[in-house]
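What follows is a set of notes on a single structure, which appears directly below.
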Amino acid sequence: MEKIMRPISGYLALILAIAAILAGVYVNAVSNGNPAFVFPGVLLLIAGVFLIKGIMIVNPNHARVCVFFGKYIGTVKENGLLWVNPLYTTYKISLRAQNLNGQQLKVNDKMGNPIEIAAVIVWQVEDTYKASFEVADFQQYVGVQSEAAVRHLATSCPYDELEAEGAEITLRDGGEKVNELLEHELNERLAPAGIIVKEARISHLAYAPEIAGAMLQRQQATAIVAARTKIVEGAVGMVELALAELSKKAIVTLDEEKKAAMVSNLMVVLCGEKAATPVLNTGSLYQ
């Protein structure tokens, strides 16, 4: 468990250290080899060096983990010039938010299709004790566990709804829900190392090159079918409206055969991909 230390000001220790060194130099200079003065002078010099060794600088958003002969003493998070026991071994840890731009991974989605996926993760050290002593290298731990979490996410969800109709969450259309799933799993995986994930987002998502062409054709075919369906629905409505208006205003009286011909012509014009070429009929309706 992390313990917060509050060391004394380093300015006082620095002044005492300088004073001790200067006093030691002065005593040795005026001792003329007299052991009664040389020994205190040497002690003053040692005391000055001892005090200087305990002085440390802690920058903003940084911390120092203090260990005394293998025993964890505490963590210094206070910023500035500080002084601790010179016999402490200290380790510097950054508390700043850091970005992990994950590499593109080739994995299979829930339906077994090979895809490429990558994520950007913003993480930060929360517990310096766990980061220092629970794992061997917390930065490497973040990288390995992040890759494992992205792989697990990819295998847990289908790429899109074309592969799994009715799927609640897909990698392509999940949006914030997919990011929340990834962030939740990362926090669970990185908690033993004292790491918190502030944000996690999918930065790259695509089919693997070997199936990308086939999947693109499938998507295009689906889009064309959906567009044609809308066009036919609109054309039927327009034909129905045209027949109703002609009948309502009694502009022309058409039998069933001519209505069928008119419907056929209108459907061709409205559903065709190219503009229709008009033909002027100067005869009767039955010629």
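The values are calculated or read from the model by the stated rules, or taken from the named source; none is laboratory data. Just so you know, these numbers come straight off a predicted model, no measurement behind them. Positions of Cβ are generated from backbone atoms using ideal geometry, with glycine treated the same way; all protein chains shown enter the neighbour counts.
In table form, for the structure just shown:
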read-out: Flag if ILE115 is touching a Lys or Arg at 6+ places or on another chain (Cβ under 9 Å), modelled with pLDDT under 95 and either under 30 Å from GLU199 (Cα atoms) or not polar (S, T, N, Q) (or both); value: yes
read-out: Number of the condition not met by PHE39 [criteria: (1) within 48 Å of the chain's Cα centre (by Cα); (2) surrounded by fewer than 16 Cβ atoms within 10 Å (Cβ to Cβ); (3) free of Cβ contacts under 8 Å to residues at least 40 places away in the same chain]; value: (1)
read-out: Filter pass, ILE73 being in contact with a Cys (Cβ under 9 Å, 6 or more places away or on another chain), outside the structural domain of TRP123 (by TED's automatic domain parsing) and touching a residue at least 40 places away in the same chain (Cβ under 8 Å); value: yes
read-out: Subset tally (residues that are of a type in the set (Phe, Trp, Tyr) and surrounded by 14 or more Cβ atoms within 10 Å (Cβ to Cβ)) for segment 66-86; value: 2
read-out: Out of ALA47, ALA63, sole residue that is within 30 Å of GLU147 (Cβ to Cβ), outside the structural domain of VAL178 (by TED's automatic domain parsing) and crowded, with 16+ Cβ neighbours inside 10 Å; value: ALA63
read-out: All positions within segment 131-152 that are polar (S, T, N, Q) and surrounded by fewer than 19 Cβ atoms within 10 Å (Cβ to Cβ); value: GLN139, GLN140
